[in-house]
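Enquirer: Following this message is one structure expressed as structure tokens.
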Amino acid sequence: MKDPRDIIIRPIITEKSNMLRELGQFVFEVAKDANKHEIKWAVEQLFKVHVKKVRVMNVKGKPRRVRFAPGRTKSWKKAIVTLKEGESIPMFEGA
């Protein structure tokens, strides 16, 4: 079994994710090879909460350039995790 810290890479803190937090939903960048079951297990292990639902999406990299050389930012995977009623992740409370 993978280490939960290898599955959950970092929290995503944006205006939209702050609005979702009021609904009991938290947004994370996750490993590209992780599935919903692994993400649910990792969040429950790391934060000691009960996960109700996990939604996953792949975010495509954007085209960028440095001077005259075209390139792309990296593609990544995002997970929106819904917790059971009354539960929260304390890491997000100070944000």
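Enquirer: Helix 36-47 versus the longest principal axis of the chain: what angle, 0 to 90°, nearest 10, using Cα atoms?
Expert: 60 degrees
Enquirer: Taking the Cα centre of the range 32-95 as origin, work out the dipole magnitude from +1 charges on Lys and Arg Cβ and -1 charges on Asp and Glu Cβ, in debye rounded to 20.
Expert: Details: 17 positive and 6 negative charges, 147 e Å.
With only Lys, Arg, Asp and Glu charged at Cβ, the dipole is about 700 debye.
Enquirer: DSSP loop trypsin sites (Lys or Arg not before Pro) in the range 1-83 with at most 14 other Cβ atoms within 10 Å of their Cβ, which ones?
Expert: Values: sites: Lys2, Arg5, Lys16, Arg21, Lys32, Lys36, Lys40, Lys48, Lys52, Lys53, Arg55, Lys60, Arg64, Arg65, Arg67, Arg72, Lys74, Lys77, Lys78; in loops: Lys2, Lys32, Lys48, Lys60, Arg67, Lys74.
Taking the range 1-83 and a limit of 14 other Cβ atoms within 10 Å, the loop trypsin sites (Lys or Arg not before Pro) found are Lys2, Lys32, Lys48, Lys60, Arg67, Lys74.
Enquirer: Give me the lysines in straight-line cross-link reach of Lys62: C-alpha distance below 20 Å, same-chain residues under 8 apart excluded.
Expert: Here the lysines satisfying the reach criterion relative to Lys62 are Lys16, Lys32, Lys74, Lys77, Lys78.
Enquirer: For the chain, state which GluC sites (Glu not before Pro) are in a DSSP loop and have at most 15 other beta carbons lying within 10 Å of their beta carbon.
Expert: Those satisfying the criteria are Glu22, Glu85, Glu87, Glu93.
Enquirer: Can I ask one more? Mind listing the long-range amide H neighbours of Ile9? Cut-off is under 5 Å, sequence gap 5 or more, other chains count too, H placed in the peptide plane at 1.01 Å from N.
Expert: Here Glu29, Val30, Ala31 satisfy the definition.
Enquirer: If each of Leu23 and His50 carries a label point 7 Å out from its Cα toward its Cβ, how far apart are those two points in nm?
Expert: 2.1 nm
Enquirer: Calculate, for the chain, the solvent-accessible area per residue in square angstrom, rolling a 1.4 angstrom probe over the heavy atoms of the protein chains.
Expert: Numbers: 6800 Å² over 95 residues.
On a per-residue basis, 72 Å².
Enquirer: Once amide H atoms are built 1.01 Å from N in the peptide plane, which residues 5 or more positions from Val59, or in another chain, come under 5 Å H to H?
Expert: Trp76, Lys77, Lys78
Enquirer: Just the accessible area for Trp41, please: 1.4 Å probe, Å², rounded to the nearest 10?
Expert: 80 Å²
Enquirer: How would Leu20, Leu83 rank on accessible area, largest to smallest, probe 1.4 Å? Mind showing how you got there, number by number?
Expert: Numbers: Leu20 30, Leu83 10 Å².
From most exposed to least exposed: Leu20, Leu83.
Enquirer: Still on this model: Relative contact order for the chain: what is it in percent, counting Cα pairs under 8 Å that are at least 6 residues apart?
Expert: Here the relative contact order equals 30 percent.
The values are calculated or read from the model by the stated rules, or taken from the named source; none is laboratory data. Nothing here was measured: the structure is a model prediction, and the numbers come from that model. Cβ atoms come from the backbone with ideal geometry, glycine included; neighbour counts cover every protein chain shown. Calculation scope for accessible area: heavy atoms of the full protein, side chains included, ligands and nucleic acids excluded. Shrake-Rupley method; radii C 1.70, N 1.55, O 1.52, S 1.80 Å.
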